[in-house]
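Below is one structure, written out as structure tokens; the observations come after it.
The values are calculated or read from the model by the stated rules, or taken from the named source; none is laboratory data. Since we're looking at a predicted model, the values are computed, not measured. Cβ placement follows ideal geometry from the backbone for every residue including glycine, while neighbour counts extend to all protein chains displayed. Areas reflect the complete protein model, heavy atoms only, side chains present, ligands, DNA and RNA absent. Shrake-Rupley method; radii C 1.70, N 1.55, O 1.52, S 1.80 Å.
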Amino acid sequence: MSKPKLTHFLCIPLLTPTSTPQLRASLGHFRSKIANVRTAENPDGVPSAAIRPLGTLHLTLGVMSLQTREDLSFALDFLQRVDLKSLLAKAFASEPSPASHIEKKDKGKETENSPMNEDTLPGLRLTIKGLQSMHNPATSSILYAPPTPSTPLESFCKSLKERFVQDGLLEPDNRPLLLHATILNTIYVPGVRRGREAGHGKKSKSKLIINAKEILNDFEDFVWMEDVKIEKISMCRMRAEIVEDEELGKVYFEEGSRTMP
């Protein structure tokens with residue numbers, strides 16, 4: 001029996017008024033840097049079409065198969081009903097010293113001494129740093145940038161994913177949640193063959209491979225965006241669409257979203 005076609009995904013969008021200038025500059029630097037990377041595998045350099053457009057950057061929490069309008073409506077309603085404050089409170093409670101992840105208040109005074117209840121919750125903040133390969137760096141097709149380690153972030157994302165899985169809205173996945181922003185994926189280079197649902201995760205691999213060792217070394221400690229508050233959780237359609245805004249390039253159509261506490 002074939003698996004149902006995946007139609008949507010739950011994610012944390014990375015573009016905010018604060019992060020967009022950072023990510024724009026970071027992608028520009030990355031693009032100019034890899035233009036000069038030539039190896040035996042890629043004598044003409046890495047195709048620029050492999051670099052993901054600014055408007056597509058996000059952290060995937062899970063994928064969905066919503067085949068009818070009723071399915072979509074139920075999923076969007078669930079997104080509005082799920083208790084984000086409770087999940088966030090539990091996430092911060094899982095870390096003894098959340099000072100490095102919380103928002104500042106009144107003249108730099110932190111909220112770490114405030115009672116950790118749902119009315120005094122700090123916001124989740126995010127830094128994206130470094131570059132890793134989804135496969136063997138010498139024969140890779142996907143490069144991604146991970147968030148810096150954060151117990152509250154990881155706890156919140158895992159708990160939210162579990163809630164959607166329990167209600168049958170996210171496809172079950174026994175693999176550990178790998179939060180990552182895809183920076184480069186050669187599956188998107190025109191003419192490259194792809195299989196069903198290809199292009200996402202460790203099991204997916206494009207026919208076009210690159211030797212990414214030099215690139216990974218150059219961007220090992222590179223900061224793509226720093227200390228940005230997560231503003232919302234979104235539910236988006238699969239397959240990015242071209243938009244008129246050339247700076248964004250492409251975006252995933254957002255079916256609905258929920259503002260973070």
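Quick one: 3J(HN,Hα) in Hz for segment 236-245, Karplus 6.51/-1.76/1.60 with θ = phi - 60°, rounded, Gly and Pro as x.
Calculated HN-Hα couplings, in order: 10, 6, 5, 6, 5, 10, 5, 10, 5, 5 Hz.
Looking only at GluC sites (Glu not before Pro) in DSSP loops with at most 11 other Cβ atoms within 10 Å, what is the longest site-free stretch of the chain?
Longest run free of exposed loop sites: 1-219.
With the dipole of the chain worked out from charges on the C-beta (+1 for Lys and Arg, -1 for Asp and Glu) around the Cα centre, which of L84, G191, H180 lies farthest toward the positive end?
Of the candidates, G191 comes out farthest on the positive side.
Roughly how big is the chain's charge dipole about its Cα centre, with Cβ charges of +1 (Lys, Arg) and -1 (Asp, Glu), in debye to the nearest 20?
That gives a dipole near 740 debye.
Could you calculate the contour length gain from E226 to K158, that is, 0.36 nm times the residue separation minus the distance between their Cα atoms, to one decimal place in nm?
22.3 nm
Under 5 Å between amide hydrogens, which residues at least 5 positions from Y252 or on another chain qualify, with H placed 1.01 Å from N in the peptide plane?
Counting only residues 5 or more places away or on other chains, the set is E241.
May I ask you to rank I12, I242 by accessible area, largest first, using a 1.4 Å probe over the protein chains only?
Putting I12, I242 in descending order of accessible area: I242, I12.
Rounded to a whole number, what % of the accessible area of the chain do carbon and sulfur atoms account for, probe 1.4 Å?
Summing carbon and sulfur atoms, their accessible area is 48 percent of the total for the chain.
Given the options S141, S26, S234, state which has the largest fluctuation in a GNM of the chain using a 10 Å cut-off (strictly under) for Cα springs.
Highest fluctuation of the listed residues: S26.
State log₁₀ I(q)/I(0) for segment 120-261 at q = 0.19, 0.20 Å⁻¹ as given by the Debye formula over alpha-carbon point scatterers of equal weight, solvent excluded.
So the normalised log intensities are -1.51, -1.58.
Which of F156, P13, L170 sits farthest toward the positive end of the charge dipole of the chain, with +1 on the Cβ of Lys and Arg and -1 on the Cβ of Asp and Glu?
Working it through, the farthest residue towards the positive pole turns out to be L170.
Once you have the Cα-Cα distance between T16 and V165, take 0.36 nm times their residue separation minus that, and quote the gain in nm to one decimal. Display every interim value, and only then the final one.
Numbers: separation 149, 0.36 × 149 = 53.64 nm, distance 2.72 nm.
Extending this stretch completely gives an extra 50.9 nm.
Taking the Cβ-Cβ separation of E254 and D173 as r and a Förster radius of 35 Å, what is the calculated FRET efficiency to the nearest 0.05?
Approximately 0.95, to the nearest 0.05.
Which distance in nm do the two modelled labels at E41 and E241 give, with both placed 7 Å along the Cα-to-Cβ direction?
My value for the distance between the label points is 3.5 nm.
Just to confirm, what accessible area per residue do you get for the chain at 1.4 Å probe, in whole Å²?
Here the per-residue accessible area is 53 Å².
Just to make sure I understand: if all protein chains stay in place, what is the order of T7, T259 by accessible area at 1.4 Å, largest first?
On the way: T7 30, T259 105 Å².
In descending accessible area the options line up as T259, T7.
Would you please classify the overall shape of the chain from the alpha carbon gyration tensor, given that a ≥ b ≥ c denote the square roots of the eigenvalues, rounded means a/c under 1.5, and beyond that prolate means a/b larger than b/c while oblate covers the rest?
Note, shape of the chain comes out oblate.
Which shape class applies to segment 1-40: rounded if a/c is under 1.5, otherwise prolate when a/b exceeds b/c and oblate if not, where a ≥ b ≥ c are the square roots of the Cα gyration tensor eigenvalues? Please report the intermediate quantities before stating the final value.
Working: a/c = 6.71, a/b = 1.39, b/c = 4.82.
It comes out oblate by the Cα gyration axes.
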